[in-house]
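A.B. asks: The structure under discussion is supplied below as structure tokens; questions concerning it will follow.
The values are calculated or read from the model by the stated rules, or taken from the named source; none is laboratory data. Here the structure is a predicted model, which means the values were calculated and not measured. Every residue, glycine as well, gets a Cβ built from its backbone with ideal geometry; the counts of neighbours run over all protein chains shown. Areas reflect the complete protein model, heavy atoms only, side chains present, ligands, DNA and RNA absent. Shrake-Rupley method; radii C 1.70, N 1.55, O 1.52, S 1.80 Å.
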Amino acid sequence: MLTSWISVIAQAAPAPADHSALWTILLTQAVTLGLFYWALREARRKDRKARKAERRKDQKALENHRENERETLRLNLKREVFLEVAPAIQNNYLALAAFVDLQLSIHDLQENTRNTLAQSGGAIAKLQAVAADETLEAARQVQTLLGTIYIRLIAARGALEERNDLDAIREIARLWRNEVAAFPPLISSLIEHVRQELHLPFDRERFVAGVVDSNSRMFAELEKIMGPLG
């Protein structure tokens, strides 16, 4: 009897549960969920970073575009001013030749000089608004030289008084030639600075050599007519 109950109890007692499979499934799901969350967060982080970089790129492109527009406006303004200044200074230089004409009275020369300088003054004054300091200094030196030459030639014409003979013409022509010899280096310096501001190439030595050669040829022809200028 006892043996039968032991057999029944032994058969009826439940076996211990095996939870290892359940924990394996839960762990796998948790790891999968964690990996998915991490991947999603990483993807969002990269997306935010990419959009931020794209915004910076767009902002930089916009700033570059605006700066290019401003630079274009500056260059156009410089170009307009320089295109006024170039003929103004050229006219001031060419006006020096009038001092060799002894048929013109000193009063007429003074009046012509005053008018020439007045006409060029406005254009040259505009340089102060657009030109770099180096360009302004080069322009100042050119204008100072021209003003000095005007004064010396006026004084020379005054010393000649009413003379208009060949010797007087030779004398004033010789002074004119000597005075303008200092002009090519200074005007070439101004042109060089101007062209640099406009991002244009310029061969300074070639320019100076060309002006000197032109002046030499001109004065050589004068000497054929008037004789040696000394």
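A.B. asks: What is the percent carbon and sulfur in the accessible area of the chain, measuring with a 1.4 Å probe over the protein chains and ignoring ligands? Working shown, then result.
C.D. replies: On the way: 9520 of 16020 Å².
Here carbon and sulfur together make up 59 percent of the probe-accessible area.
A.B. asks: Let me ask something else about it. If you put +1 on each Lys and Arg Cβ and -1 on each Asp and Glu Cβ, how big is the dipole of segment 119-230 around its Cα centre, in Debye rounded to 20?
C.D. replies: Value, rounded to 20: 100 debye.
A.B. asks: Whole-Hz ³J(HN,Hα) for each residue in segment 97-103, computed from phi via Karplus 6.51 cos²θ - 1.76 cosθ + 1.60 with θ = phi - 60°, x for glycine and proline: what do you get?
C.D. replies: Once rounded to whole Hz, the list reads 5, 5, 5, 7, 7, 6, 6.
A.B. asks: Running a GNM on the chain with Cα contacts under 10 Å, which residue among 220, 123, 173 ends up with the highest mean-square fluctuation?
C.D. replies: In the Gaussian network model the winner is 220.
A.B. asks: In debye, nearest 20: dipole of the chain around its Cα centre with unit charges on the Cβ of K, R (+) and D, E (-)?
C.D. replies: Details: 31 positive and 30 negative charges, 348 e Å.
The calculation lands at about 1680 debye.
A.B. asks: Report the full-extension gain for the segment residue 31 to residue 70: residue separation times 0.36 nm, less the Cα-Cα distance, to one decimal in nm.
C.D. replies: Taking residue 31 through residue 70 to full extension adds about 8.3 nm, to one decimal.
A.B. asks: Can you tell me, using C-alpha contacts under 8 Å and at least 6 residues apart, the relative contact order of the chain as a whole percent?
C.D. replies: Relative CO of the chain lands at 20 percent.
A.B. asks: To the nearest 10 degrees, how steeply does helix 2-12 sit against the main Cα axis of the chain, on a 0 to 90 scale?
C.D. replies: Taking the Cα atoms of the chain, the angle to 2-12 is about 20 degrees.
A.B. asks: Same structure again: Would you work out which of 104, 146, 191 lies farthest towards the positive end of the dipole of the chain? Charges go on Cβ: Lys and Arg +1, Asp and Glu -1.
C.D. replies: Working it through, the farthest residue towards the positive pole turns out to be 191.
A.B. asks: In terms of the ratio Rg/(2.2 N^0.38 Å) built on C-alpha atoms, what value belongs to segment 180-230? Walk me through the numbers before you get to the answer.
C.D. replies: Numbers: Rg = 14.3 Å, N = 51, 2.2 N^0.38 = 9.8 Å.
Here the answer is 1.46, to two decimals.
A.B. asks: Name the long-range amide H neighbours of residue 131: under 5 Å, sequence gap of 5 or more, or other chain; modelled H, no Pro or chain starts.
C.D. replies: HN-HN under 5 Å from residue 131: empty list.
A.B. asks: A further question on this structure: So the label point goes 7 Å from the Cα of residue 226 along Cα→C-beta, right? Which residues of segment 78-122 then have their backbone N under 12 Å from it?
C.D. replies: 97-103
A.B. asks: What is the Cα centroid distance between segment 56-116 and segment 156-230, reported in whole angstrom?
C.D. replies: Answer, in whole Å: 21.
A.B. asks: Starting from 0.36 nm per residue, how many nanometres of slack lie between residue 112 and residue 43 once their C-alpha separation is accounted for?
C.D. replies: 16.8 nm
A.B. asks: Please calculate how many Å² of accessible area the chain carries per residue, with a 1.4 Å probe and no DNA, RNA or ligand atoms counted.
C.D. replies: 70
A.B. asks: Counting only pairs 8 or more places apart or on different chains, how many lysine pairs in the chain have C-alpha atoms closer than 25 Å?
C.D. replies: The number of close lysine pairs in the chain is 6.
A.B. asks: So if I average 1/r over every pair of distinct C-alpha atoms in segment 19-113 and take the inverse, what Kirkwood radius in Å does that give?
C.D. replies: Evaluated over segment 19-113, this radius sits at 21.4 Å.
A.B. asks: Treating only the Cβ atoms of Lys and Arg (+1) and Asp and Glu (-1) as charged, compute the dipole magnitude of segment 98-141 about its Cα centre; round to the nearest 20 debye.
C.D. replies: Numbers: 3 positive and 6 negative charges, 26 e Å.
Dipole of segment 98-141, to the nearest 20 debye: 120 debye.
A.B. asks: Moving to a separate point now. So what is the diffusion coefficient of segment 134-230 in µm² per second by Stokes-Einstein at 37 °C and 0.692 mPa s, using a Kirkwood Rh over Cα pairs?
C.D. replies: Working: Rh = 15.1 Å.
It comes out at roughly 217 µm²/s.
A.B. asks: Per residue of segment 203-220, in order, report the coupling 6.51 cos²θ - 1.76 cosθ + 1.60 (Karplus, θ = phi - 60°) as ³J(HN,Hα) in whole Hz, putting x for Gly and Pro.
C.D. replies: With the stated coefficients, segment 203-220 comes to 9, 5, 4, 5, 5, 4, 4, x, 5, 4, 5, 4, 5, 4, 5, 5, 5, 5 Hz.
A.B. asks: Also, I was wondering about something else. Please list 3J(HN,Hα) in residue order for segment 67-72, calculated via the Karplus relation 6.51 cos²θ - 1.76 cosθ + 1.60 where θ = phi - 60°; whole Hz, with x for glycine and proline.
C.D. replies: Listing the rounded values in order: 5, 5, 5, 5, 5, 4 Hz.
A.B. asks: Sticking with this structure for a sec: Report which label in [x] 100, 17, 10; [y] 30, 19, 17; [z] 43, 33, 10 holds the value of semi-axes √(5λ) of the Cα gyration tensor in Å derived from the coordinates of this structure.
C.D. replies: Matching entry in [x] 100, 17, 10; [y] 30, 19, 17; [z] 43, 33, 10: [x].
A.B. asks: Another question, then. Would you mind computing, in nm to one decimal, how far apart the modelled labels at residue 119 and residue 216 are, each placed 7 Å from Cα along Cα→Cβ?
C.D. replies: My value for the distance between the label points is 3.2 nm.
A.B. asks: Work out how much length residue 59 to residue 104 would gain on full extension: take 0.36 nm times their residue separation and subtract the Cα-Cα distance, in nm to one decimal.
C.D. replies: On the way: separation 45, 0.36 × 45 = 16.20 nm, distance 6.60 nm.
Full-extension gain reported as 9.6 nm.
A.B. asks: Continuing with this model, one more query. Quick check: net charge around residue 217, other residues with Cβ under 12 Å of its Cβ, Lys/Arg +1 and Asp/Glu -1? Don't skip to the end; give the middle numbers.
C.D. replies: Details: positive: 224; negative: 213, 221, 223.
It works out to a net charge of -2.
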